[in-house]
Amino acid sequence: MPNISTDLDHALALLRAGELVGIPTETVYGLAADASRPEAVAKIFALKGRPSDHPVIVHIAGQAQLSQWARDIPDAAWKLAEAFWPGSLTLILHRAAQVSDAVTGGQDTVGIRAPAHPLTHALLERFGGGLAAPSANQFGHVSPTTAQHVASEFGARLGLILDGGPCQVGVESTIVGLTGERPTLLRPGGIAAEAIEAVLGMPLIHHQKPATAQMRVSGLLDSHYAPRTPLLVGPLLAIENEAYRRFEAGQSVALLHHSPLHGTVCGVDSHQMPLDAAGYARALYATLRQFDTGQRFAALLLETPPDGNDWLAVNDRVKRAASQWL
Ligand code: TXA
Ligand code: MG
């Protein structure tokens, strides 16, 4: 097993030696390497099994480091950084000349964010540079929200995981693209689109697949964030019927719901999801992992989460994790 600790000196020594470290952020855990060393960044892709033309986010301590990684930074970027950093917002900007292709996936843009988790913030302040870090999961798998999740993804192949406890946000950062004509929401996440629009004083363009299909953005692949057990999503009555049908057929299934059940299906594990969007987001990945572990179920049946702006990030991740709709 990897070392799980809060030892910043150990983490710094590994990062400075070009090694990988699992780091907590307020959104999800990251798999970090020194962003200025392409050979260190390459280790991230090797360990994750991720295609090397996918860009990774550069994590920095704060605004003061922004111009080391980006050029032609628009006012909108400074405004958003001022309002939301440290926090769950990633900005896509034109990359500075020194930023390597290993980080950007060969694109002319770079994703940058200053995470709010105190342990990683302290690490970044001492490190001084930038840490390239995607979510610390195998490519395509559910993102980790505890140090133990990271350990279960990589085992002894990862030397150290900094333990910052369970992630408070639980879904990845909101990604805003600032290299086009208008600010664009590329991925809903920890910070609400309306809060960003309020700071910008204009609406965000919502990402539409055909328009940016040429962008290689791995978070936009449909198969992302998926548990290994098939995840079936639908209205409560549909998943209850499906649970009953499968129980009759001798299968074991888990029912993940937020509304009160119409009845009990004996022999079916049911689990109450949180009723508020923030609580639901915080619990989503951990719950999927809990029911995925050990492949105990033939299927996980999830009630479609509520609609509405607060639920954008949750619905986005559920859509990508789902293998079938009922
Ligand atoms: O909350 C988060 O953002 C977490 C934590 C660890 O910071 N990180 C994360 O990283 O979710 P990852 O690699 O799993 O997803 C990053 C997303 C991907 O969809 C990636 O393609 C996109 O950011 N991205 C990174 N750089 C980009 C760029 N230059 N242009 C467009 N998209 C970019
Ligand atoms: Mg990811």
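The coefficient of translational diffusion for segment 220-326, derived via Stokes-Einstein from the alpha carbon Kirkwood radius under 10 °C and 1.306 mPa s, stands at 115 µm²/s. Here the chain yields Rg over Rh of 0.98, to two decimals, using C-alpha coordinates and the Kirkwood radius. Estimated from helical segments only, the mean residue ellipticity of the chain at 222 nm is -9000 deg cm²/dmol, where each DSSP H run of four or more residues counts as -39500 (n - 2.57). Evaluated with a Cβ-only charge set (Lys, Arg +1; Asp, Glu -1), the chain carries a dipole of roughly 600 debye about its Cα centre, given to the nearest 20. With everything on Cα atoms, drop me the angle between helix 277-292 and the longest principal axis of the chain, reported from 0 to 90° to the nearest 10. Orientation of helix 277-292: about 70 degrees from the principal axis. A simple spin-label model places the labels of Gln272 and Arg320 3.0 nm from each other, with each point 7 Å out along Cα-to-Cβ.
Please arrange Met1, Met202, Met273 by accessible surface area, largest first, computed with a 1.4 Å probe and ligands excluded.
Working: Met1 165, Met202 75, Met273 5 Å².
These residues rank, largest area first, as Met1, Met202, Met273.
In this rough spin-label picture, where each label sits 7 Å from Cα along the Cβ direction, the Glu181-Arg71 distance is 2.5 nm. If you fit an axis through the alpha-carbon atoms of helix 312-321 and take the longest principal axis of the Cα set of the chain, what angle between them do you get, 0 to 90°, nearest 10? Taking the Cα atoms of the chain, the angle to 312-321 is about 70 degrees. Counting only alpha carbon atoms, the long axis of helix 38-48 and the longest principal axis of the chain meet at about 0°. Relative contact order, whole percent, for the chain stands at 20, derived from Cα pairs under 8 Å and 6 or more residues apart.
For the chain, the antiparallel share of DSSP beta bridges with both residues in that region comes to about 40%.
Over all pairs of different C-alpha atoms in segment 63-175, the reciprocal of the mean inverse distance, the Kirkwood hydrodynamic radius, equals 15.4 Å.
The values are calculated or read from the model by the stated rules, or taken from the named source; none is laboratory data. What you see is a predicted model; the values in this text were computed from it and never measured. For neighbour counting, all protein chains shown are included, and Cβ atoms are generated from backbone atoms with ideal geometry for every residue, glycine included. Each accessible area value is taken on the protein alone, full model and side chains, heavy atoms only, with ligands, DNA and RNA left out. Shrake-Rupley method; radii C 1.70, N 1.55, O 1.52, S 1.80 Å.
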